[in-house]
Amino acid sequence: MAHSPATDPAPLTLAGGVSLRGTVRVPGDKSISHRALLFGAIAEGETHIDGLLPAEDPLSTAACLRAMGVEVSPIEAGQIVCVKGVGLDGFQEPGDVLDCGNSGTTMRLMLGLLAGRVGRHVVLTGDASLRGRPMRRVGGPLGQMGAVIHGRKNGNFAPLSVLGQALKGTTIRTPVASAQVKSAILLAALTATGATTVIEPHQSRDHSERMLRAFGAQLEVGGPGNTQVILTPGQILRGQPVIVPGDISSAAFWLVAAAITPGAELTVENVGLNPSRTGILDVLELMGARLEVLNPRDVAGEPVGDLRVVHGPLRAFEIGGELIPRLVDEIPVLAVAACCAEGTSRIRDAAELRVKETDRLAVMARQLGAMGARLEEFEDGMAITGGAPLHGAVVDSETDHRVAMSLAVAAGIARGDSQLHRPEAAAVSYPGFWDDLERLRG
Ligand code: S3P
């Protein structure tokens, strides 16, 4: 059913022209949280996870695992989560369809985990957004290893059914740089016969490689720009303590908000700074943002630091190519930053945004357009000319968490108030976002 913002019960009023000051700790990294749950489930022994993101997406992963007989303790803010591993082949066949909610990472990584569970049949589905996202990019490569996965439109769309098979290792070149695709293949490779090689066009985030190695898997990363991963099966994974750093993709809203809001000064503490994720920092530097990395440290195999940003003048940026996978989730908020920069910013090679939780190029063009942004949308990106002040408007997250939070940042620098429909989408990755915003606006 088409959504009508005009009849939505509770749009959120966001005042324009309010500055931001203070210190914030963003919740745990979403990608690392999913992986800690999934790898903990297939390990031997217990995995204790400190800082797990208590948001809708990881809850979907935990619910799927529980439905297959894995004990996962309650997921609540500030609590260490315990996963009792069932081993590489210990999943029980679930008695019902598994619901992955809004979470692409849950569905794609589960496909990799389930493809080799011989004789067990599992059906995966999700919300309307997830049922419209492409899954052949995972089903295709897994099929090369012998997996049997069926779904609508020749296996491209959920509901998807997986009937576990004995898999064989092979060499797979992925057409897109996607950590979800790479991780699904690596998970399937754990119980295949023989080694599996994954070759990506550019390196995507490498949290799976780091954590699988810490759990005891044998894998080698190499090739130009670390685009090649070889996994050799045969190792038993051992449960581990995992410490999840704050999510740089959630920090990005505060980094951009501080950079563009007159008078703003924010420190975001405990942010994961894995180089495969820090493209946003490179772009903010390119723009001339007043950004400092404080207290850099290493926490359980991932680099971490605190980030301080102070408002100042910004220059336009041009991004594309291998930088895109390093900031793929930050492009909506970078589009907001571009509205405040001197000159025309250009985003290219970002067609992947069209198959995220929403078509983020179309949605950001539509919503920022409603606020008076001067932008042009292309097939694989957009051009945004900064300098024209945004005005308050009626806008809509269109159910996308990162759009909701990006529009909140835009509304903060607009002239006049905005009304944001469906703000609750933020809970997919950052349930406390609106409380943090209120406090920092204090
Ligand atoms: C993710 C990978 C990225 C990212 C998503 C999380 C992951 O997706 O956009 O939010 O945890 O592996 P793709 O793998 O499709 O690029």
Practice task
Enumerate the amide H contacts of Ala414 below 5 Å, restricted to partners 5 or more residues apart or on another chain; note that Pro and chain-start residues carry no placed amide H.
Solution key: Gly17
Handout entry: Student exercise, the range 1-126 dipole from Lys, Arg, Asp, Glu Cβ charges, in Debye to nearest 20
Key = 300 debye
Handout entry: Cα shape, the range 30-233, gyration tensor, a/c 1.5 rule
Key = rounded
Exercise for the section: Take every DSSP beta bridge whose two residues both sit in the range 77-180, then give the antiparallel share in percent to the nearest 5. Expected result: 80 percent
Problem - Accessible area of the range 30-233 belonging to carbon and sulfur atoms, whole % at 1.4 Å probe - result: 50 percent
Exercise for the section: Quick one: what are the phi-derived ³J(HN,Hα) couplings along the range 408-425, Karplus 6.51/-1.76/1.60 with θ = phi - 60°, whole Hz, x for glycine and proline? Expected result: 5, 5, 5, 4, x, 9, 7, 7, x, 7, 10, 10, 9, 7, 6, x, 4, 4
Practice task
Distance between Cα centroids, the range 257-282 to the range 115-137: provide it in whole Å.
Solution key: 34 Å
Fill in the blank from the handout: For the range 127-263 the mean separation of alpha carbon contacts under 8 Å (6+ apart) over residue count, i.e. relative contact order in percent, is 17 percent
Problem - Where labels lie 7 Å past Cα in the beta-carbon direction, separation of Ala10 and Val293 in nm - result: 4.0 nm
Problem - Ranked order, Thr106, Thr191 - accessible area, probe 1.4 Å, largest first - result: Thr191, Thr106
Handout entry: Calculated [θ] (222 nm, deg cm²/dmol) that DSSP helices of n ≥ 4 give over the chain, each run adding -39,500 (n - 2.57)
Key = -9000 deg cm²/dmol
Practice task
Please list, or write none, the aspartates and glutamates whose alpha carbon is within less than 16 Å of the alpha carbon of Lys168, excluding same-chain residues fewer than 8 places away.
Solution key: Asp89
Exercise for the section: Name the long-range amide H neighbours of Thr193: under 5 Å, sequence gap of 5 or more, or other chain; modelled H, no Pro or chain starts. Expected result: Leu167, Lys168, Gly169
Problem - Solvent-accessible heavy-atom area per residue, rounded to whole Å², over the chain at 1.4 Å - result: 36 Å²
Completion exercise
Phi-derived 3J(HN,Hα) across the range 314-326 with the Karplus relation (6.51, -1.76, 1.60, θ = phi - 60°), rounded Hz, x for Gly and Pro, is 10, 9, 5, 10, 10, 9, x, x, 6, 6, 4, x, 7
Exercise for the section: Check the straight Cα-Cα distances from Lys153 and name the aspartates and glutamates below 18 Å, setting aside those fewer than 8 residues away within the same chain. Expected result: Asp127
Handout entry: FRET efficiency, Ala63 to Arg439 (Cβ-Cβ, R0 25 Å, nearest 0.05)
Key = 0.25
Handout entry: Considering only the chain, percent of DSSP beta bridges that pair antiparallel, nearest 5
Key = 70 percent
Fill in the blank from the handout: Probe 1.4 Å, all chains present, heavy atoms only: Val283 accessible area in Å², nearest 10, is 0 Å²
Practice task
Enumerate the residues in the range 292-322 having an amide nitrogen under 20 Å from the point lying 7 Å beyond the Cα of Arg25 toward its Cβ.
Solution key: 293-309
Practice task
Taking 7 Å along the Cα-to-C-beta vector as the label spot, tell me the Glu342-Glu265 distance in nanometres, rounded to one decimal.
Solution key: 2.3 nm
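The values are calculated or read from the model by the stated rules, or taken from the named source; none is laboratory data. Computed from a predicted structure; not experimentally measured. We place every Cβ from the backbone using ideal geometry, glycine too, and count neighbours over all the protein chains shown. What goes into the accessible areas is simple: the full protein's heavy atoms, side chains included, and nothing from ligands, DNA or RNA. Shrake-Rupley method; radii C 1.70, N 1.55, O 1.52, S 1.80 Å.
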